[in-house]
Structure formats: structure tokens, C-alpha cells
Amino acid sequence: MLRRRRPLLRAAAVGGTAYAVGRSSGRRREEQANAAADQDQRIADLEQQQQYQQPPPPPPQAAPAQGPSMIDQLNQLNELRQQGALSDEEFTAAKAKLLGS
């Protein structure tokens, strides 16, 4: 009877070892699949955040000046003075008014 038990014990030991190895490799594969799924989810979350984050609006530009610029107005006053249409006192007063001083 000893001869019959040994093959059975050997078969049980081999089968048990194969079961344990298969089970641990199955767990390892499951952990890797879970880790990959977690990483995919994090990447998807980051991509979604980036889609919702819009670049800041550009700074408002200065409104275009209404009418001639100050330099144009000063040049016009100077031309009027050179033509004799304005006296030196009138030119100085108009320039002060234009410059706000």
C-alpha cells in the first residue's frame, strides 16, 4: 500500500503547487490590470481638466483715441502760430489747456 500512496501524495503536492502558483499569478495579473485602469482613469481626469481650463482672456486693449492725438493738436497749434493766426500768448494758453496744466 505504500506504493499506491506515494503517487497520490506526489500528485496532490504537484497539484497543490500548481494551484498556488496559478492563483498568485492570477492575483498579480489582476493587480496589474487594476493599476493600469487606475492610471488610465487619472490620465482621463487630467485630460478632462485641461479641456475645461481655458486660457485667460487677453488683456483689454486701450480704446482707440477719439479725434486727433495730442501731438497732432500741438502740431496744428504750432502751424497756426507760424501762420500768424495765433499770437504767442494764445499759443501758450491753448498749449497749456491741451496739456492740462
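Read-outs throughout are calculated quantities, based only on the coordinates presented, and are distinct from any laboratory measurement. Computed from a prediction, not measured in an experiment: that's the story for all the values here. Quick reminder, even Gly has a Cβ in these numbers, built from the backbone with ideal geometry, and neighbours come from all protein chains shown.
Panel order for Thr17, Thr92, by other beta carbons found within 10 Å of each beta carbon, from fewest to most: Thr17, Thr92.
Shown for the range 1-51 is the translational diffusion coefficient from the Stokes-Einstein equation, using the Kirkwood radius over Cα pairs, a temperature of 37 °C and a viscosity of 0.692 mPa s: 230 µm²/s. Each of Leu74, Leu98 has some number of other Cβ atoms within 10 Å of its Cβ, and from fewest to most they run Leu98, Leu74. The slack between Asp88 and Ser69, meaning 0.36 nm per residue of separation minus the straight C-alpha distance, is 4.6 nm.
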